[in-house]
Amino acid sequence: MNNGNSKSTGPVQTPRQRCWLAIRNNKDAFNINQIANLSKMKYESAREFVACLNKAKIVEVIHETPIHHENCVVKQKIYRLVKDIGYTAPQVS
């Protein structure tokens, strides 16, 4: 019974689904931090999902930028979507 106080937000989406939709909306260029923020997903989870998509050749790295930290250099990778399989997030591992 609806008492008028709740809002309909549509179906609940899994974190991977939210991540996938963020990738599709930024298909030409995105990084993991951007996708994690847009999908409200933990960075490590988004990194793992994007790595699986990269392994499956659904996304590819188009640019790497060295980021210098105090004791190391990490590479920020920019990806692009190369194989859009539709609305539903691909099942990759």
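List pairs: first in the range 21-38 and free of Cβ contacts under 8 Å to residues at least 24 places away in the same chain and of a type in the set (A, V, I, L, M, F, W, C), second open to solvent by 60 Å² or more (accessible area, probe 1.4 Å) and outside any loop (DSSP other than H, G, I, E, B), Cβ under 7 Å, 6+ apart or cross-chain?
22/38; 36/43
Would you mind stating whether residue 27 is in a loop (DSSP other than H, G, I, E, B) and under 19 Å from residue 93 (Cα atoms)?
It is false that residue 27 is in a loop (DSSP other than H, G, I, E, B) and under 19 Å from residue 93 (Cα atoms).
Go through (1) assigned to a helix (DSSP H, G or I); (2) open to solvent by less than 80 Å² (accessible area, probe 1.4 Å) for residue 78 and report which single condition fails.
(1)
In the range 32-51, what residues are buried (at least 17 other Cβ atoms within 10 Å of the Cβ) and assigned to a loop (DSSP other than H, G, I, E, B)?
41
Check whether at least one residue in the range 61-74 is modelled with pLDDT of 95 or more, assigned to a loop (DSSP other than H, G, I, E, B) and either loosely packed, with under 15 Cβ neighbours inside 10 Å or out of contact with any strand residue (DSSP E or B) (no Cβ under 8 Å at 6 or more places or on another chain) (or both), and report yes or no.
Within the range 61-74, not a single residue is modelled with pLDDT of 95 or more, assigned to a loop (DSSP other than H, G, I, E, B) and either loosely packed, with under 15 Cβ neighbours inside 10 Å or out of contact with any strand residue (DSSP E or B) (no Cβ under 8 Å at 6 or more places or on another chain) (or both).
The values are calculated or read from the model by the stated rules, or taken from the named source; none is laboratory data. Since we're looking at a predicted model, the values are computed, not measured. Quick reminder, even Gly has a Cβ in these numbers, built from the backbone with ideal geometry, and neighbours come from all protein chains shown. Side chains are part of the model used for accessible areas, which takes the heavy atoms of the whole protein and leaves out ligands, DNA and RNA. Shrake-Rupley method; radii C 1.70, N 1.55, O 1.52, S 1.80 Å.
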